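**Student:** Dumping the structure here so I can ask a few things about it.
The values are calculated or read from the model by the stated rules, or taken from the named source; none is laboratory data. This one's a predicted model, so the numbers in the text were calculated from it and none came from an experiment. FYI the Cβ positions are ideal-geometry reconstructions off the backbone, even for glycines, and counts take in every protein chain you see.
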Amino acid sequence: MSQFVYVTYIRATPEKIWEAFTTPQFQRKFWFGMHQDSDFRKGSPWRIVFEDGRTADSGEIMESDPPHRLAIKWRNEFRPELREEGYGHCLMTLEEDGETTKLTITHSIERENSKLIEAVSGGWPKILSALKSLLETGSVPPITHQRAKV
Amino acid sequence: MDAAFKALADKSRRQLLDRLHNKNGQTLGELCEGLEMSRQAVTKHLDILEAANLVATQWRGREKLHFINPVPIFDIADRWIGKFERGRLRALSDLKKSLEREDT
């Protein structure tokens, strides 16, 4: 199994973070201009959409318990060598911790040395860093907003 | 950020992060293998890294796995390096690496 775990603490409520994570106009600000297309209900389709409308990744909402837990079945769609690895699993959890919220992203796939996990692991720290600045300061530093090479 | 700088200021802790960077999701036992440090010392260093949010842990069954968490380092980069052009910094860093390689 290939897996990584990313954690960040954000000075915002779980509700606010959930809203930012699941709303396209917020997503575009912290996700390299991309947005997600889903109603975020269990069993619903889910995809990440490039600015030009192409699908970057797609899958299904496996669990949805707002504002604490969201699990997504996740496959890359635009890089054939990643797409052929099939579906991975991404879990987001939000736990209140005093005045901050602990946001944890666990992204995994049932294979060793996964290229998918390597590719998304280049993006997540930037996305989380940008989400944190957006929620805490209202803006995103230009450096985090540069498109990831994934 | 103080916690991240303090945690990174120690060679043994950076060595533990290097080991997680090479292979993510290790148990305490795996991390101790081949190290000169005692198990207690490794445990103490891992606690400091976890408190600084540079290491995240998860339980899988009865095993506690350790994962490197680079998010605080990205936050540091955003705050100080974001003012400069990262492309030029990378070019300089690549140049330094290739020149140093030629030396050896």
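**Student:** Taking residue A:101 as the residue in question, decide whether it is within 28 Å of residue B:76 (Cβ to Cβ), modelled with pLDDT of 95 or more and within 11 Å of another protein chain (Cβ to nearest Cβ).
**Tutor:** no
**Student:** Moving to a separate point now. From A:92, A:1, grab the single residue that is within 14 Å of another protein chain (Cβ to nearest Cβ), touching a Lys or Arg at 6+ places or on another chain (Cβ under 8 Å) and at pLDDT below 95.
**Tutor:** Within the list A:92, A:1, the selection yields A:1.
**Student:** Something else: Taking residue A:126 as meeting all but one of (1) within 14 Å of chain B (Cβ to nearest Cβ); (2) in contact with a strand residue (DSSP E or B) (Cβ under 6 Å, 6 or more places away or on another chain); (3) basic (Lys, Arg); (4) over 17 Å from residue A:15 (Cα atoms), write down the number of the exception.
**Tutor:** That leaves (2) as the condition not met.
**Student:** Only one of (1) of a type outside the set (Phe, Trp, Tyr); (2) buried (at least 17 other Cβ atoms within 10 Å of the Cβ); (3) within 11 Å of chain B (Cβ to nearest Cβ) is not met by residue A:118, so which one is it?
**Tutor:** Just one mismatch for residue A:118, condition (2).
**Student:** Going through B:49, B:35 one at a time, which residue ends up being surrounded by 13 or more Cβ atoms within 10 Å (Cβ to Cβ) and modelled with pLDDT under 95?
**Tutor:** None of the other options fit; the residue is B:35.
**Student:** Here is a further query. Assess whether residue A:57 counts as being of a type in the set (D, E, K, R), buried (at least 18 other Cβ atoms within 10 Å of the Cβ) and away from chain B (no Cβ under 14 Å).
**Tutor:** The answer is yes for residue A:57.
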